[in-house]
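This report concerns only the one structure given below.
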Amino acid sequence: MSEALLSLHYHVSPDDFQTAGEASSDVKNKLKKMGFPPEIVRKVAISMYEGEINMVIHAYGGEITVDIGMDEVRAVLKDKGPGIQDIGKAMEAGYSTASEKVRSMGFGAGMGLPNMKKYSDEMKIDTEIGVGTTVTLVVRLA
Amino acid sequence: MDKFFHSVFLEEENCTGCYNCIKKCPTQAIRVREGKARVISEFCIDCGECVRACQQHAKSSRRHKLKRDLVGRYEYMVALPSQVLCSQFNHLDDVNILLTALKLMGFDDVMEVGSAAEILSEETKKYIAGHQGLWPVINTACPTVLRLIRVRFPSLIDHLLPFHIPAETAARIARRRAMEKTGLPSEKIGIVYISPCPSKVSYVHAPLVMDKSEIDMVLGVKDIYRIILPYLEEAQKQVEDLRTSGFVGMEWGRSGGEAVGLDEESYIAVDGIRSVIKILEDLEDEKIERVQFVELNACDGGCVGGVLNIENPFVARAKLLKMAKGLPRTKREELLPYRPEDIYWEKKLQYEPVFQLGHSFVESMVMMKQAEELKGRFPGLDCGCCGAPSCQAMAEDVIRGITTENACIHILKDRLHTLSKYASEFANNWDADVSNTEEYQNYIETTKQYINKMSRDIEELDNTIGVKKRVRKDGEEHDGKGTSGEEDL
């Protein structure tokens, strides 16, 4: 990876569905101002939003770092949540462990990880039960 | 015509340089510079929020003058009243009275914009059914939404319904109808649209999706209101049946009304510019699913909320709905057959990345990095005292070279504090009891320098905040209500 020109940091509050998406929205607007192609902006915004909302639903919030370079945008979403039990299952479309409460709010459709995978060029998940999860999303410009 | 033409403009004389409009502008298009709230053309989407916010009535909009531009210019004139016009009067229960009054006023013919809207409703239905891959389809009846998407939401351009606003479709049909009826050449026929908002003035004068509008002139509802009142009374004596619109067309005047004509269940109707921006953000991020049609209106309540109207938007909406009741669904069969060019855009909307910081990708990235670093030095209060609406906007302005960081009074204040601290330390530490020595002269010189530096900074503080007394021309009366909003077009 090339050196990041700009590094942005965000704190994601736990259980706050109202503000969830603020980080991805801010990144989106900054990428537009930097002249990133619309399609790249869209990929970053969608994949990052899914990751951000996951941190609210499943983990107790967390930290996001976005490194923006000339040839890629790399978002690292780090939480101290329960960890993912079965990554294979979590990657299946429609599979969700979200609570009834969360589902009643219209979240937890089981498309989080599949969408993150779909809209990023590289996705890496490091997870440990009871410790937390770090998701790395990379969207490349080329 | 400049592609960043906008109808909204500042009447400098009335502007006191307050911060109301800069905070209300949804695209952060206004900066107070030298005590005046100036509009940055590229960012302005003609939503009219600053017109609403300004207590000095210093924000107005360019449109035509009825007498100067109309009288004697055309041999045959057709009025195209917006659906909203009939909702502006008290005790008007028959639209035919209003249409008759327009003829008594001097128009040779009238055609309700609502009738064209009914054609668009039918065509929209077909378009939605035939373009499943582009769902949700976004309506394009509000030119402000079009301008907003043009500068901020490039990935949604493909979702836009590639149709003209109803007034444009009406103008095209009305012109053909007039030519057939009179045998006159096109240039002898004047098509005059009576609009609820300045945004449609821009749509006509700086077209984005066509080469030339068929609308010759745009008057505001409030420009015509007073003139038409006496004719309304006269019209009641002999009402002509001039209606060309049913309730479907009429409903377009309020938010959610466009969807009425679609018989469509899965739609979202959003009104008010901030809510519109929010939903566009969500659409861009694909947060909204299973929706076929999205109806967006920049004004609260839809076109009844336009800034060129007279009536309270909620009252107007109630009147509109009452009048729509009892009308047939549509009367569009009474119009001439329409053609595809009456409806479809001539060209696709082009993305204009006006918010991009630099000229190139690399330059923009470097500038964003600099802006981020700079923003960290600002207090994050978004107070507006520098003339920019937020610390982020201010940081970007500095990087763009439009202003300097000293325009931030908080930074300047800190600098003054530091300076005064140094000065007093210097004064307090002076304990020599010699006079007229070289050392004494040096002391006096340094003290002077400190004082001068502070004075210069204080002066800069004045320039920054820059609230100047309203300048009036000698002997000229000023009622504070603006000139007339009839700036030349």
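Going by a ≥ b ≥ c, the root eigenvalues of the Cα gyration tensor, does chain B fall in the rounded group (a/c under 1.5), the prolate group (a/b larger than b/c) or the oblate group?
Values: a/c = 2.95, a/b = 2.01, b/c = 1.47.
Prolate is the answer for chain B, as a/c is 1.5 or above and a/b outweighs b/c.
If you plug each phi of region B:117-122 into the Karplus form 6.51 cos²θ - 1.76 cosθ + 1.60 with θ = phi - 60°, what whole-Hz ³J(HN,Hα) values come out, in order, with x for Gly and Pro?
Calculated HN-Hα couplings, in order: 4, 5, 5, 5, 4, 4 Hz.
Please list, in chain and number order, the residues 5+ apart from B:Val110 or on another chain whose amide H is under 5 Å from its amide H, with Hs placed from the backbone.
Residues meeting the amide H criterion: B:Ala79.
Give the accessible surface of region A:6-140 per residue, rounded to a whole number of Å², with probe radius 1.4 Å and ligands, DNA and RNA excluded. All intermediate terms of the calculation are to be shown ahead of the outcome.
Values: 6060 Å² over 135 residues.
Computed with neighbouring chains in place, this is 45 Å² per residue.
If packing is taken as the average number of other Cβ atoms within 10 Å across a peptide's residues, how do B:206-215, A:124-133 rank, most packed first? Write down the numbers at each step before the final one.
Working: B:206-215: 18.1, A:124-133: 14.2.
Highest mean packing first, the order is B:206-215, A:124-133.
For the full complex of protein chains and a 1.4 angstrom probe, list B:Arg254, B:Arg317 by accessible area with the highest value first. Kindly include the intermediate steps, with their values, before the conclusion.
Details: B:Arg254 35, B:Arg317 90 Å².
Descending order: B:Arg317, B:Arg254.
Applying 1/(1 + (r/R0)^6) with R0 = 41 Å to the Cβ-Cβ distance of B:Lys237 and B:Ser266, what FRET efficiency is obtained, to the nearest 0.05? Walk me through the numbers on the way to the answer.
Numbers: r = 48 Å, r/R0 = 1.17.
Computed FRET efficiency for B:Lys237 and B:Ser266 comes out at 0.30.
Give the span of region B:66-343's Cα atoms along each principal axis, as three whole-Å numbers ordered largest to smallest.
55, 39, 33
Could you let me know the centre-to-centre spacing of region A:6-20 and region B:219-272, using Cα atoms, in angstrom?
Distance between centres, Cα-based: 45 Å.
Where the only charges are on Cβ atoms (+1 Lys, Arg; -1 Asp, Glu), what is the dipole of region B:66-343 about its Cα centre, to the nearest 20 debye? All intermediate terms of the calculation are to be shown ahead of the outcome.
Values: 34 positive and 41 negative charges, 124 e Å.
Here the size comes out at about 600 debye.
If contacts are Cα pairs under 8 angstrom and at least 6 residues apart, what is the relative contact order of region B:66-343 in percent? Walk me through the intermediate numbers first.
Details: 494 pairs, mean separation 82.7, N = 278.
So the answer I get is 30 percent.
Which order do peptides B:191-204, B:99-112 fall in by mean Cβ count within 10 Å, highest first? Could you put the intermediate results ahead of the total?
On the way: B:191-204: 28.6, B:99-112: 21.2.
Result, highest mean first: B:191-204, B:99-112.
Would you please state the base-10 log of I(q)/I(0) at q = 0.10, 0.11 1/Å for the protein assembly as shown, with intensities from the Debye formula using one equal scatterer on every alpha carbon?
One equal scatterer on each Cα of the protein assembly as shown leads to -0.99, -1.12.
If amide hydrogens are placed 1.01 Å from N in the peptide plane, which non-local residues have theirs closer than 5 Å to the one on B:Ala37?
B:Gly17
Hey, with R₀ at 51 Å, roughly what FRET efficiency would B:Glu439 and B:Lys65 work out to, going by the Cβ-Cβ distance, to 0.05? Don't skip to the end; give the middle numbers.
Details: r = 74 Å, r/R0 = 1.46.
Here the calculated transfer efficiency is 0.10.
Which whole-angstrom value gives the distance between the alpha carbon centres of region B:37-84 and region A:116-142?
51 Å
Rounded to the nearest 100 Å², what is the buried accessible area between B and A, both sides summed, probe 1.4 Å?
Working: alone 23160 and 7740 Å², together 28740 Å².
In total, this chain pair buries about 2200 Å².
Within a 10 angstrom radius of each residue's Cβ in A:35-48, how many Cβ atoms of other chains show up on average? Whole number is fine.
Details: counts 14, 5, 3, 8, 2, 0, 3, 6, 1, 0, 6, 4, 1, 1.
Partner-chain Cβ atoms within 10 Å, mean over residues of A:35-48: 4.
Relative contact order (percent) for chain A, with alpha-carbon contacts under 8 angstrom and 6 or more residues of separation?
Relative CO of chain A lands at 27 percent.
Modelled label-to-label distance, A:Asp71 and B:Asn312, 7 Å Cα→beta-carbon offset: nm?
The two pseudo-label positions are separated by 6.3 nm.
How high is the FRET efficiency between B:Arg290 and A:Ile87 when r is their beta carbon distance and R₀ equals 35 Å, given to the nearest 0.05?
Numbers: r = 28 Å, r/R0 = 0.81.
The formula returns an efficiency of 0.80 here.
Hey, if you put +1 on the Cβ of every Lys and Arg and -1 on every Asp and Glu Cβ in region B:1-131, which of B:Thr16, B:Cys44, B:Leu85 ends up farthest toward the positive end of that dipole?
The Cα lying farthest towards the positive end belongs to B:Thr16.
Count charges around B:Ala141 for me, please; just the other residues with Cβ under 14 Å from its Cβ, Lys/Arg as +1, Asp/Glu as -1. Before the final figure, lay out each step's value.
Values: positive: B:Arg147, B:Lys200, B:Arg254; negative: B:Glu118, B:Glu123, B:Glu168, B:Glu251, B:Glu258, B:Asp271, B:Glu295.
Counting the neighbours of B:Ala141, the net charge comes to -4.
Taking amide H positions as placed 1.01 Å from N in the peptide plane, with prolines and chain starts having none, which residues 5 or more places from B:Lys59, or on another chain, fall under 5 Å of its amide H?
B:Glu11
With θ taken as phi - 60° and the coefficients 6.51, -1.76 and 1.60, list the Karplus ³J(HN,Hα) couplings across region B:315-323 in order, rounded to whole Hz; mark glycine and proline as x.
Whole-Hz 3J(HN,Hα) from phi for region B:315-323: 5, 4, 4, 4, 5, 4, 5, 5, 6.
Sort region B:86-129 into rounded, prolate or oblate with this rule: let a ≥ b ≥ c be the square roots of the eigenvalues of the Cα gyration tensor; rounded if a/c is under 1.5, and if a/c is not under 1.5, prolate when a/b is larger than b/c, oblate otherwise.
Details: a/c = 4.77, a/b = 2.10, b/c = 2.28.
Oblate, because a/c is 1.5 or more while a/b does not exceed b/c.
Step through the table entries A:Lys43/A:Lys117; B:Lys278/B:Lys375; A:Lys28/A:Lys78; B:Lys421/B:Lys448, compare each Cα-Cα distance with 22 Å, and write down the pairs that go over it. Can you show the working numbers first?
Numbers: A:Lys43/A:Lys117 10 Å; B:Lys278/B:Lys375 24 Å; A:Lys28/A:Lys78 19 Å; B:Lys421/B:Lys448 15 Å.
Over 22 Å Cα-Cα: B:Lys278/B:Lys375.
Pairs of Cα atoms under 8 Å, at least six residues apart: use those to get the relative contact order of region A:91-140, whole percent. Kindly include the intermediate steps, with their values, before the conclusion.
Details: 54 pairs, mean separation 13.9, N = 50.
Result for region A:91-140 is 28 percent.
Work out the mean other chain Cβ neighbour count within 10 Å for the residues of B:285-295 and drop it here as an integer. Please list the in-between numbers first.
Details: counts 12, 8, 7, 0, 3, 0, 0, 0, 0, 0, 0.
Other-chain Cβ atoms within 10 Å of each residue's Cβ, averaged: 3.
Just how large is the dipole of the protein assembly as shown about the Cα centre, in debye to the nearest 20, putting +1 at every Lys and Arg Cβ and -1 at every Asp and Glu Cβ?
Numbers: 80 positive and 96 negative charges, 243 e Å.
Roughly 1160 debye, rounded to the nearest 20.
Using alpha carbons only, what's the Rg to Rh ratio of region B:118-201 with Rh from Kirkwood?
On the way: Rg = 15.8 Å, Rh = 14.8 Å.
Rg/Rh for region B:118-201 comes to 1.06.
Treat every Asp and Glu Cβ in chain A as -1 and every Lys and Arg Cβ as +1, leave all other atoms uncharged, and give the resulting dipole magnitude about the Cα centre to the nearest 20 debye. All intermediate terms of the calculation are to be shown ahead of the outcome.
On the way: 16 positive and 20 negative charges, 74 e Å.
The calculation lands at about 360 debye.
The values are calculated or read from the model by the stated rules, or taken from the named source; none is laboratory data. Computed from a prediction, not measured in an experiment: that's the story for all the values here. Cβ coordinates were reconstructed from backbone atoms using ideal geometry, including for glycine residues, and neighbour counts include every protein chain displayed. Remember, those area values only see protein heavy atoms, side chains included, never the ligands or the DNA or RNA. Shrake-Rupley method; radii C 1.70, N 1.55, O 1.52, S 1.80 Å.
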